[in-house]
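What follows is a set of notes on a single structure, which appears directly below.
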Amino acid sequence: MREHSLSAWAVIMCIGLVLSGVASAQSAKQPEVGQMRSVEGQVLTSTYLPPLRIKFDEAFKHVGSQQFILYDRAQAEQHYFVDADKQQRIKSMYIVQFEGYLPDIKASYDYPATKTVDLGGQSYLMEAQVVPNVSAVLKQNPQSDAARAVSFLEGKGYRAGEAVLYQRFVRLVDEAKRHEFILLYIEDLSGTGFTAADFAEGGRAFSQKEKVLQELLSRALKGFTVLK
């Protein structure tokens, strides 16, 4: 189901961009849901689908979490780690998302083979993009996980830029492929010194896009550690 998932800020989740997983028929029994997640200091701990611990850099403040039903098909839980200025304008952030189909939904997550990276001994699919117009993305799908993230952050007084970069890491966490874990890193595009127009065809950064996204990946990986 990636009628959503990943990813804006939203794109910030960009739910629907590139790594859009396709829901397929699935008859496997849905495991019992008993998620237990907590944050202490800079460490997020999950004991269920998947069990893991992630430590974020001190620059990123945990500003809360929320749970919701996504598209009447899946249970989602999001946590937000934000680096913002004194006016609460978001410079960069991580969104951690745990997601799984509801018991009565017969479907599974299905992603195309793409680039992967090893994090804490697990293989993650990864994808990066430039989102030139966040508002337009949100208007296309106001019920997305991305839109819910933006609404939550705005409720906390945070403001996101109109153009962003994002790096997404995703892995399926059960054999039935009914649950997934998403780690999304987002940056305000203005921090790179470029504008959205610079990345358009003919723009001054059009030929540099891959280099810019590679540098984004490097920064994304420096901001967290998957603990053993």
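Taken together, the values in this text are just the output of simple stated rules run on the coordinates, not laboratory data. Computed from a prediction, not measured in an experiment: that's the story for all the values here. Counting neighbours? That spans all protein chains shown, and the Cβs are built from the backbone with ideal geometry, glycine included.
What the table below lists for this structure:
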quantity: Neighbour net charge for ARG89 - beta-carbon separation under 15 angstrom, K R +1, D E -1; calculated: -1
quantity: Orientation-averaged projected area, Cα convex hull of region 100-145 (nm²); calculated: 5.5 nm²
quantity: Aspartates and glutamates whose Cα lies under 15 Å from that of LYS156, excluding same-chain neighbours fewer than 8 positions away; calculated: ASP83, ASP85
quantity: Partners for LYS209 among lysines (Cα-Cα distance below 26 Å; same-chain residues under 8 apart left out); calculated: LYS91, LYS115, LYS139, LYS222
quantity: C-alpha center-to-center spacing [region 37-56, region 102-133] in angstrom; calculated: 19 Å
quantity: Ranked HIS62, HIS179, HIS79, criterion: other C-beta atoms within 10 Å, fewest first; calculated: HIS62, HIS79, HIS179
quantity: Over region 111-228: Kirkwood hydrodynamic radius from C-alpha pairwise inverse distances, Å; calculated: 15.9 Å
quantity: Region 10-227 pair-distance distribution - Cα-Cα, 10 Å bins, rounded %; calculated: 8, 34, 38, 17, 3, 0
quantity: Counted charge near ASP198, where neighbours are those whose Cβ lies closer than 12 Å (Asp, Glu -1; Lys, Arg +1); calculated: +1
quantity: Trypsin sites (Lys or Arg not before Pro) within region 53-100: DSSP coil, no more than 13 neighbouring Cβ in 10 Å; calculated: LYS86
quantity: Net +/- balance of residues flanking TYR124 in space, Cβ distance below 13 Å, scoring K and R +1, D and E -1; calculated: 0
quantity: Electrostatic dipole magnitude of region 40-149 [Cβ: Lys, Arg +1; Asp, Glu -1; Cα centre; debye, to 20]; calculated: 260 debye
quantity: Convex hull volume per residue for region 48-110, taking Cα atoms only, in Å³; calculated: 120 Å³
